[in-house]
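A.B. asks: Dropping the structure in here first, questions after.
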Amino acid sequence: MSSPIRTERHDDVLVIVSDNPPVNALGAAVRQGLEAGIREAAADDGIKAVVIRCDGRTFFAGADITEFGKPMQEPGLPTVIDMIESADKPVVAAIHGTALGGGCEVALGCHYRVAVPSAKIGTPEVKLGLLPGAGGTQRIPRIAGVALALEMTAKGDPISAKQALDAGLIDKLVGEVSLEADAIAYAREIASARPLPRASEKTATADPDAVAAFRKANAKRFRGFEAPEANIKCVEAASNGSTFADGIANERAEFMKLMMGTQSAAQRHLFFAERQAAKIDDVPADTVLRDIKRVGVIGAGTMGGGISMNFLSAGIPVTIVEMQQEALDRGTGVVRKNYEASAAKGRLKPEQVEQAMGALNPTLDFAALAECDLIIEAVYENMDVKKEIFTKLDAICKPGAILASNTSYLNIDEIAACTKRPEDVVGMHFFSPANVMKLLEVVRGEKTAGDVLATVMALAKKIRKVAVVAGVCHGFIGNRMLMPRQVEANKLLMEGATPEQIDRVHVEFGMPMGPFQMSDLAGVDIGWHRDPTRIENIRDALAAEGRWGQKKQAGFYDYDEKRNPTPSPRVAEIIEDFRSKSNMKKREISDEEIVERTLYTMVNEGALILEEGKAQRASDIDVVWIYGYGWPVYRGGPMFWAKSEGLPKVVAGLEKHGFPVAASLKEAATSDGKLK
Ligand code: 3HC
């Protein structure tokens, strides 16, 4: 097999070029090629300097993640980087695209770095539950200081080329289209400069205040994750006076510890799961997409407004339709307020706010939807209302327009059946707040056309959502799995658990909130029948008393003016009352039982969803729960977690409580552990 690395001689400069699509990951062949390139330069007296650059869309985007967990092939990345840094001839990294992780570390091992202004540089390993394991935690603080090193390694967000230049991580910005020529010219400029600047020979100044402040400021963000603290400790070690070699040894040990742990396995699983989710098994990747130049949104409520913002922010004009002028004004007002709030926080420029608002066309005229290429209905959940809207859309919309419903439960096939073009109908289930939440469930109806699905998936990427295809079933993937959890949580209350205990178990597990905190936030009255005399369960009783959640400062918890919750004696009374009426005896409920009954049941429902073909793969379910409901990233989603928990244990836990266990789950527990 030919090497992904080639060398090109430009008189006295040797250019080492990587061509390893799609992202120039630093797999074994690339590492071997780099090593050979450096050797070639050393052996040739006519070569005075070296440039390392990449073909394609980016500089090295990191180590090859697919090699992780497999036997390591020599040379390791740290060895290659050491070899580059210890070379006698200057080596210049020429950066475009994204120099990430190991790619950033290769660049820092070079003596000099030039970059195009659009380049980005970063160490996102923490997002894979790791740390930069090829010298990044030691070289960044030595070049750019402890404070920036903490930001870059423990948070993992890349910085711009300009920021890198200011911090000393880049020596020069060069022309966007003349990177190679400029890098060669620069290499000649510095060819005889000695001593060569080597990051490992620099000293990082300790900054205990910055470290303490960083830990404090990010405590909430890092809750439950192991990798951020490991990054912080390695950066600290770079500045505590110990040698570079000791710092590297420590970094390697910490890296290997993280690599072997379940958190990194979960986070790496998510990386691939997210990319896999974009693929539709029976729709070819080269399907011709429909052109979406204008989007129509029906309903200017919270959902409609949030949905519109996604498109406006991506530069796609939106026609938003309401029935009443007042509702339309209120809706567009909220959109403006949200944009202005972002501008006040410095995330948008005032002109960007005006640009987005200028692309919004609010109207009471349904017929205006005729000019839209995609129309998303976002009115309340009522099948008759939706059918009426889709019948109207069928009459108004141009041929080839995609007709989407934002329904979170209803049957897309039934909605599609009232049009003459069911192949153009699809579900686009956004999560609230729709302008913030990353998940989009794309619901595939029985007749939805392949190009409609492919178009919506591509559009999702454009508006920076993570899209997952779901089949038609009540609640699709996410909300369907929420149901057994809620049913069991309610039963547990009756049997003796408190809302506080159940919520605590979920929060300790890593969820942003438990089921009752979620009810209070969303509104206890949602879906309530509105008859205060009809009290059939605890929720009815709360709703009848006006305990509708946070908005009323009373729900499953009592709230003060700042919405701080405290356990509610009144709720305890209501639960007790129900319990005695049902002749139930209160018993001690263990945290373990809560996990088994509220989380194992979700896994079981997930297995049923897979059996019924309502999700393409187990990893899609994980993506839904991580991006739609805040399932802890470091547990990799419910289906991944079930495997790390041990499928036999999950099955036994379900059987212990008398749940009918999905056949596929049972089978996977006794065979290969694979859930599709
Ligand atoms: N290793 C292996 N495959 C990778 C990869 C990597 N580091 N990075 C991306 N890929 C693959 C993706 O899985 C995807 O494959 P597919 O087409 O089969 O689904 C393909 O490359 C394209 O990736 P994206 O769809 O993500 O392309 P984008 O253009 O949207 O994004 C990117 C490009 C910004 C580079 C993004 O892929 C990315 O963030 N990659 C990961 C970067 C990273 O985490 N680097 C650190 C790795 S760990 C490390 O370096 C350890 C070291 O310190 C020792």
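A.B. asks: Take GLN325, project a point 7 Å from its Cα along the Cβ direction, then tell me which residues of the stretch 351-367 have their backbone nitrogen under 15 Å from it.
C.D. replies: Those under the cut-off are 362-365.
A.B. asks: In square nanometres and to one decimal, what's the mean projected area of the convex hull around the Cα atoms of the stretch 5-259?
C.D. replies: 12.5 nm²
A.B. asks: Further question on the same structure: In terms of solvent-accessible area of protein heavy atoms at a 1.4 angstrom probe, what is the ranking of LEU410, LEU150, highest value first?
C.D. replies: LEU410, LEU150
A.B. asks: Net charge within 14 Å of GLN73 by Cβ-Cβ distance, Lys/Arg positive one each and Asp/Glu negative one each, not counting GLN73 itself?
C.D. replies: Values: positive: ARG31, LYS70; negative: GLU35, ASP64, GLU67, GLU74.
Counting the neighbours of GLN73, the net charge comes to -2.
A.B. asks: If you don't mind, there's one more thing I want to ask. Heads up, I need the accessible area for ASP171: 1.4 angstrom probe, whole protein in place, Å², nearest 10.
C.D. replies: Approximately 60 Å² for this residue.
A.B. asks: Can you give the FRET efficiency to the nearest 0.05 for GLU388 and ASP44, using r as the Cβ-Cβ distance and R₀ = 60 Å?
C.D. replies: Using R0 = 60 Å, I get an efficiency of 0.20.
A.B. asks: Out of GLY630, THR601, GLN553, whose Cα points farthest toward the positive end of the dipole of the stretch 505-638 (charges: +1 Lys, Arg; -1 Asp, Glu; placed on Cβ)?
C.D. replies: Among GLY630, THR601, GLN553, the one farthest towards the positive end of the dipole of the stretch 505-638 is GLN553.
A.B. asks: Turning to a different aspect of this structure: Could you put MET303, MET602 in order of accessible surface area, largest first, with the 1.4 Å probe and the full protein assembly present?
C.D. replies: Accessible-area ranking of MET303, MET602, largest first: MET303, MET602.
A.B. asks: Contact order normalised by length for the stretch 497-586, with contacts defined as Cα pairs under 8 Å and 6 or more residues apart; what percent is it?
C.D. replies: Contact order relative to length: 20 percent.
A.B. asks: Another question about this same structure. If you count, for each residue, the other Cβ atoms within 10 Å and average over each peptide, how do 239-247, 79-87 line up from highest to lowest? Please report the intermediate quantities before stating the final value.
C.D. replies: Working: 239-247: 14.8, 79-87: 19.4.
Output ranking for 239-247, 79-87: 79-87, 239-247.
A.B. asks: For the chain, with only Lys/Arg (+1) and Asp/Glu (-1) charged at the beta-carbon, what is the dipole magnitude about the Cα centre, in debye rounded to 20?
C.D. replies: In debye, rounded to 20, the chain gives about 540.
A.B. asks: Report the charge-dipole magnitude of the stretch 295-474 in Debye, nearest 20, computed about the Cα centre from +1 at each Lys and Arg Cβ and -1 at each Asp and Glu Cβ.
C.D. replies: With only Lys, Arg, Asp and Glu charged at Cβ, the dipole is about 720 debye.
A.B. asks: Put +1 on the Cβ of every Lys and Arg and -1 on every Asp and Glu Cβ in the stretch 276-425; which of GLY299, ASN361, VAL425 then has its Cα farthest towards the positive end of the dipole?
C.D. replies: ASN361
A.B. asks: Largest first, what is the accessible-area ranking of LEU364, LEU258 with a 1.4 Å probe? Intermediate values should be presented prior to the final figure.
C.D. replies: On the way: LEU364 75, LEU258 15 Å².
Of LEU364, LEU258, the descending order of accessible area is LEU364, LEU258.
A.B. asks: Let me ask something additional. Based on the Cα atoms of the stretch 497-586, what semi-axes does the equivalent ellipsoid have, where each is the square root of 5 times one gyration tensor eigenvalue, given in whole Å with the largest first?
C.D. replies: Here the semi-axes work out to 20, 17, 12 Å.
A.B. asks: Take each of the peptides 279-290, 116-127, average the number of other beta-carbon atoms within 10 Å over its residues, and list them starting from the highest.
C.D. replies: 116-127, 279-290
A.B. asks: State, in angstrom, two size descriptors of the stretch 609-676 derived from its alpha carbons: Rg to one decimal place and Dmax to the nearest whole number.
C.D. replies: Gyration radius and largest Cα-Cα distance of the stretch 609-676: 12.0, 31 Å.
A.B. asks: Another question about this same structure. Expressed as cubic angstrom per residue, what is the convex hull volume of the alpha carbon set of the chain?
C.D. replies: Details: hull volume 123.7 nm³, N = 676.
In the chain, the Cα hull volume divided by residue count equals 183 Å³.
A.B. asks: Counting Lys and Arg as +1 and Asp and Glu as -1, each charge on the Cβ, what is the dipole of the stretch 497-586 about the Cα centre in debye, to the nearest 20?
C.D. replies: About 120 debye.
A.B. asks: Just from its helices, what would the mean residue ellipticity at 222 nm be for the chain, if runs of 4 or more DSSP H residues each count -39500 (n - 2.57) and the sum is divided by every residue, rounded to the nearest 500 deg cm²/dmol? Walk me through the intermediate numbers first.
C.D. replies: Values: 29 runs with 308 residues, N = 676.
Using -39500 (n - 2.57) per qualifying helix, the result is -13500 deg cm²/dmol.
A.B. asks: Divide, for the stretch 295-474, the radius of gyration over alpha carbons by 2.2 N^0.38 Å, where N is the residue count. Write out the running numbers ahead of the final one.
C.D. replies: Values: Rg = 15.4 Å, N = 180, 2.2 N^0.38 = 15.8 Å.
This ratio for the stretch 295-474 stands at 0.97.
A.B. asks: Please go through the stretch 381-425 and write out the trypsin sites (Lys or Arg not before Pro) that DSSP classes as loop and that have at most 13 other C-beta atoms within 10 Å.
C.D. replies: Numbers: sites: LYS386, LYS387, LYS392, LYS420; in loops: LYS420.
Sparse-neighbourhood loop trypsin sites (Lys or Arg not before Pro): LYS420.
A.B. asks: Give or take rounding to whole Å, what are the principal axis extents of the alpha carbon atoms in the stretch 105-234, in descending order?
C.D. replies: 48, 30, 22
A.B. asks: For a quick check of your reading of the filter: which GluC sites (Glu not before Pro) in the stretch 155-200 sit in a DSSP loop and have no more than 16 other Cβ atoms within 10 Å?
C.D. replies: Answer by residue number: GLU176.
A.B. asks: Using Cα pairs under 8 angstrom and six or more residues apart, how large is the relative contact order of the stretch 286-445, in percent? List each step's numbers first, then the result.
C.D. replies: Details: 289 pairs, mean separation 38.4, N = 160.
Value for the stretch 286-445: 24 percent.
A.B. asks: So how far, in whole Å, is the C-alpha centre of the stretch 4-52 from the one of the stretch 472-519?
C.D. replies: One Cα centre to the other: 55 Å.
A.B. asks: Percent antiparallel among DSSP beta bridges with both residues in the chain, to the nearest 5?
C.D. replies: Around 30 percent of the beta bridges assigned by DSSP in the chain are antiparallel ones.
A.B. asks: Expressed as a rounded percentage, what relative contact order does the chain have, with Cα pairs under 8 Å and six or more residues apart?
C.D. replies: Computed over the chain, the figure is 9 percent.
A.B. asks: Specify the inter-centroid distance of the stretch 382-424 and the stretch 244-272, based on alpha-carbon positions, in whole Å.
C.D. replies: Each part's Cα centre sits 49 Å from the other's.
A.B. asks: I've got another one for you. Normalised radius of gyration for the stretch 171-232, please: alpha carbon Rg relative to 2.2 N^0.38 Å, two decimal places. Display every interim value, and only then the final one.
C.D. replies: Numbers: Rg = 19.6 Å, N = 62, 2.2 N^0.38 = 10.6 Å.
Dividing the Cα radius of gyration by 2.2 N^0.38 Å gives 1.86.
The values are calculated or read from the model by the stated rules, or taken from the named source; none is laboratory data. This structure is a prediction, so every number in the text was calculated from the model and none was measured. So basically every Cβ, Gly included, is an ideal-geometry build from the backbone, and we count neighbours across all protein chains shown. For accessibility, only protein heavy atoms count, side chains too; no ligands or nucleic acids. Shrake-Rupley method; radii C 1.70, N 1.55, O 1.52, S 1.80 Å.
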